[in-house]
Amino acid sequence: MKKSILVVVSIVLLACQQQSNSNLKELYSLPKKLKEVSGIAYFPETNILYTLEDSGNKNAIYAIDSKGKLAKTITISNATNVDWEDITKDKTGNIYIGDFGNNDNERRDLCIYKVAKNQLNNDLAKAEYKISFSYPEQKEFPPKKKEMFYDVESFFEQGGYFYLFTKNRSKGFDGTAFIYKIKNAPGTQKAVKIGEFKTCNNYNHCVLTSATISPDGKKVALLSHDKVLLFKGFKGDLFHKGTQTQIELNLFSQKEAIVFKNNNTLLIADEKADKIGGNVYEFKLTF
């Protein structure tokens with residue numbers, strides 16, 4: 001009996017590794033005017049980060065240089081910041097804004113805006129198109145408190161599709177997260193649920209706040225306030241079917257933004273709260 005238990009434990013550990021790493025390097029502080037950064041996108045050719053803020057803030061994206069200085073503010077004239085929660089880019093440098101923050105699970109106006117790369121040179125830009133979407137599984141607005149699965153703060157674009165990772169706000173939080181897929185095309189769509197997985201049952205430590213995929217498409221990183229969840233070894237877009245590794249950052253703060261700088265390096269940003277945070281960090285993966 002004991003031998004069987006040991007075998008099961010070994011299999012579980014192989015499938016869901018846990019590693020602790022305190023190698024979180026602070027690069028610079030964010031500009032003071034950006035108090036609620038909720039996502040970052042990285043352009044290696046210029047070493048520029050593009051960021052945005054969430055609900056209650058301007059319909060603008062901000063370019064941050066390698067020293068943390070605000071290089072440019074770009075107002076998106078035909079987009080409304082209901083609750084912008086993440087930002088990403090495609091392989092050609094077009095930017096996408098995720099207006100899908102849904103704390104109360106009652107929104108019916110969820111969308112993603114595309115801002116073409118050539119618009120990033122302007123102080124006043126226009127979104128090229130808007131993707132409106134809904135979750136077919138959601139029947140009530142809001143649903144019952146134990147079924148509040150439809151908030152999102154994390155996404156990326158890959159291969160002509162968006163991948164969204166839900167932020168579980170259900171009563172009795174157990175770490176369940178859904179993965180939804182949406183085609184990168186203008187118009188109205190129903191998001192397709194392609195999988196689900198669990199983080200842990202502690203909301204403060206394991207709720208998901210941002211997502212990113214490596215340039216080579218082989219790693220997916222999901223952020224919480226003090227951890228990174230890394231998927232590797234997956235096939236196609238079944239990210240949750242790969243090896244799941246939990247990385248301890250050993251710094252609890254309101255981390256809301258993550259992006260791959262290269263295939264083995266992450267950039268992470270947090271909001272400033274109680275004199276903690278308000279920085280951009282670098283984290284090197286060693287496995």
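For the reader, a short list of remarks on this structure follows.
- Note on segment 261-276: residues that are buried (at least 21 other Cβ atoms within 10 Å of the Cβ) and more than 16 Å from the chain's Cα centre (by Cα) amount to 0.
- Failed item in (1) in contact with a Ser or Thr (Cβ under 8 Å, 6 or more places away or on another chain); (2) open to solvent by 20 Å² or more (accessible area, probe 1.4 Å); (3) closer than 27 Å to Tyr62 by Cα, with Met148 passing the rest: (3)
- Members of segment 82-96 that are within 11 Å of the chain's Cα centre (by Cα), of a type in the set (Val, Ile, Thr) and open to solvent by less than 10 Å² (accessible area, probe 1.4 Å): Ile87
- Of the residues in segment 208-229, none is over 16 Å from the mean Cα position of the chain (by Cα) and surrounded by 15 or more Cβ atoms within 10 Å (Cβ to Cβ).
- Every residue from segment 97-112 that is assigned to a strand (DSSP E or B) and surrounded by fewer than 24 Cβ atoms within 10 Å (Cβ to Cβ): Cys111
- Screening Phe178, Phe141 for residues that are among the aromatic types (Phe, Trp, Tyr), over 21 Å from the mean Cα position of the chain (by Cα) and open to solvent by 10 Å² or more (accessible area, probe 1.4 Å) leaves exactly one candidate, Phe141.
- Neighbours by Cβ (under 8 Å, 6+ apart or cross-chain): first from segment 231-260, under 17 Å from Phe156 (Cβ atoms) and open to solvent by 50 Å² or more (accessible area, probe 1.4 Å); second at pLDDT 95 or above and not in a strand (DSSP E or B): Lys232/Lys218; Lys232/Gly242
- Failed condition for Ala185, given (1) outside any strand (DSSP E or B); (2) surrounded by fewer than 21 Cβ atoms within 10 Å (Cβ to Cβ); (3) in contact with a Ser or Thr (Cβ under 9 Å, 6 or more places away or on another chain); (4) in contact (Cβ under 8 Å) with a residue 40 or more places away in the chain: (3)
The values are calculated or read from the model by the stated rules, or taken from the named source; none is laboratory data. None of the values given here were measured: they were computed from a predicted structure. Glycine gets a Cβ as well: all are built from the backbone with ideal geometry, and neighbour counts include every protein chain shown. Accessible surface areas use protein heavy atoms only, side chains included; no ligands, DNA or RNA. Shrake-Rupley method; radii C 1.70, N 1.55, O 1.52, S 1.80 Å.
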